[in-house]
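Engineer: I have a structure here, written as structure tokens, and I will follow up with some questions on it.
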Amino acid sequence: MKIVVCAKQVAVLGDEVEFTDDERAVDPDFLDFALNEWDTYATEEALQIRERLGGGEVVVVSVGDEDAEDAIRRCLAMGADRAIRVWSDELEGADPMRVAGALAPIVQKEGPELVFCGVQSSDAVQAATGAALAELLDLPRVAVVTTIDWSGSGPATVNRELEGGLIDVTEVDTPALFTIQTGINEPRYATLRAIKQAEQKEIEFVAPEDVGEAAYRVRRMFLPPKGEGAEMLDGSPTAIAERIADIVRERLG
């Protein structure tokens, strides 16, 4: 039994932001980096399934430069068996389709029964890589998964989160790809010993053969101009409602 977890190192904005000279990205000096929260839950779920079944392999695959190895090693410290880093300079700032395209041949070669992705990344928040990867691999996909019941072979029964707090129970044949929602489990903390052992593990590097064409490009990043600020309303509910109506009429001209 093998589970592949697709993980990402995400950029975290600090209190201050400045852009690069070409105004197409945030200056790295104003960013911190960490393992994507959703991918932490995906890794934990893979580890729990391995433990429940009494064996198997959890392989982490990530698209990123050498700096991304910090996030990959966190997955290894949690208990993942192996890790693969995929990178080419052409993937800098890549859109979800190009990331999925870089991941697909690696995942296909591994031949896992299950593929896990986080529902979304905290920096891009597009929730598209998992769906694109499933399509490229021709795998059935279930999104926003909150529970997985699987015996190690055959169909899996999963709960997926819908709008309004509704839960849909779905049975899906495996191999399959699931995008994992936060709250599905409680991610473990890596021990100091596990962290040190993870630092010694080799991370396999793979250069993609074809990164494809960009689906979009960033033309410019900028801070939106500040307005006049908020208008605080007080008084009775009726007076506040009348003032809101006046504001709407004024804005509509």
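The values are calculated or read from the model by the stated rules, or taken from the named source; none is laboratory data. Computed from a prediction, not measured in an experiment: that's the story for all the values here. Cβ atoms come from the backbone with ideal geometry, glycine included; neighbour counts cover every protein chain shown. When the accessible area is computed, the model is the full protein with side chains, heavy atoms only, and any ligands, DNA or RNA have been set aside. Shrake-Rupley method; radii C 1.70, N 1.55, O 1.52, S 1.80 Å.
Engineer: For LYS2, LYS226, LYS8, LYS109, give me the order by solvent-accessible area with a 1.4 Å probe, most accessible first, ignoring ligands, DNA and RNA.
Structural biologist: From most exposed to least exposed: LYS226, LYS109, LYS8, LYS2.
Engineer: Under a 5 Å amide H to amide H cut-off, with H placed in plane at 1.01 Å, what residues pair with ARG188 once short-range neighbours are removed?
Structural biologist: Counting only residues 5 or more places away or on other chains, the set is empty.
Engineer: Here's another thing I want to ask about it. Send over a whole-number figure in Å² for the accessible area per residue of the chain, probe 1.4 Å.
Structural biologist: 59 Å²
Engineer: So, with a 1.4 angstrom probe, what is the percent of accessible area on the stretch 64-121 that is carbon and sulfur?
Structural biologist: 41 percent
Engineer: In nanometres, what is the gap between the two model label sites at ASP29 and LEU192, each 7 Å from Cα along Cα-to-Cβ?
Structural biologist: 3.5 nm
Engineer: Can you say what percent of the DSSP beta bridges in the stretch 1-80, counting only those with both residues inside, are antiparallel? Round to 5.
Structural biologist: Close to 50 percent.
Engineer: Based on the Cβ-Cβ distance from PHE19 to ALA239, what FRET efficiency comes out when R0 is 45 Å, to the nearest 0.05?
Structural biologist: Plugging the Cβ-Cβ distance into 1/(1 + (r/R0)^6) gives 0.55.
Engineer: Could you give the angle, 0 to 90 degrees to the nearest 10, between helix 69-78's Cα long axis and the longest principal axis of the Cα atoms of the chain?
Structural biologist: Roughly 60 degrees between the two axes.
Engineer: Can you give the local net charge around PHE222? Use residues other than it whose beta-carbon is closer than 14 angstrom to its beta-carbon, Lys and Arg +1, Asp and Glu -1.
Structural biologist: Neighbour charge sum, excluding PHE222 itself: -1.
Engineer: Provide the packing ranking of 113-119, 89-95, 129-135, i.e. peptides ordered by the mean count of other C-beta atoms within 10 Å per residue, highest first.
Structural biologist: Ranking the peptides 113-119, 89-95, 129-135 by packing returns 113-119, 129-135, 89-95.
Engineer: Taking square-rooted eigenvalues a ≥ b ≥ c of the alpha carbon gyration tensor, is the stretch 87-175 rounded, prolate or oblate, where a/c under 1.5 means rounded and, failing that, a/b exceeding b/c means prolate?
Structural biologist: oblate
Engineer: Treating only the Cα positions of the chain as identical point scatterers, give the base-10 log of I(q)/I(0) from the Debye formula at each q in 0.10, 0.14 Å⁻¹.
Structural biologist: Treating every Cα as an identical point scatterer, log10 I(q)/I(0) equals -0.58, -0.94.
Engineer: Here is a further query. Share of antiparallel DSSP beta bridges in the stretch 128-188, in percent to the nearest 5?
Structural biologist: 75 percent
Engineer: Same structure, new question: Rank SER236, SER62 by accessible area, highest first, at a 1.4 Å probe radius?
Structural biologist: SER236, SER62
Engineer: Using +1 at the C-beta of Lys and Arg and -1 at the C-beta of Asp and Glu, which of ILE49, SER62, ILE240 has the Cα lying farthest in the positive direction of the dipole of the chain?
Structural biologist: ILE49
Engineer: Further question: For the full complex of protein chains and a 1.4 angstrom probe, list LEU223, LEU177 by accessible area with the highest value first.
Structural biologist: The ordering from most to least exposed comes out as LEU223, LEU177.
Engineer: Among the DSSP beta bridges whose two residues both lie in the chain, what percent are antiparallel, rounded to the nearest 5?
Structural biologist: 40 percent
Engineer: Amide H to amide H, which residues 5 or more places from VAL5 or on other chains are under 5 Å from it, using H placed in the peptide plane?
Structural biologist: Result for VAL5 returns VAL59, VAL60, VAL61, PHE116.
Engineer: If each DSSP helix of 4+ residues adds -39,500 (n - 2.57) and the sum is divided by the residues in the chain, what number results at 222 nm, nearest 500 deg cm²/dmol?
Structural biologist: That calculation yields -9500 deg cm²/dmol at 222 nm.
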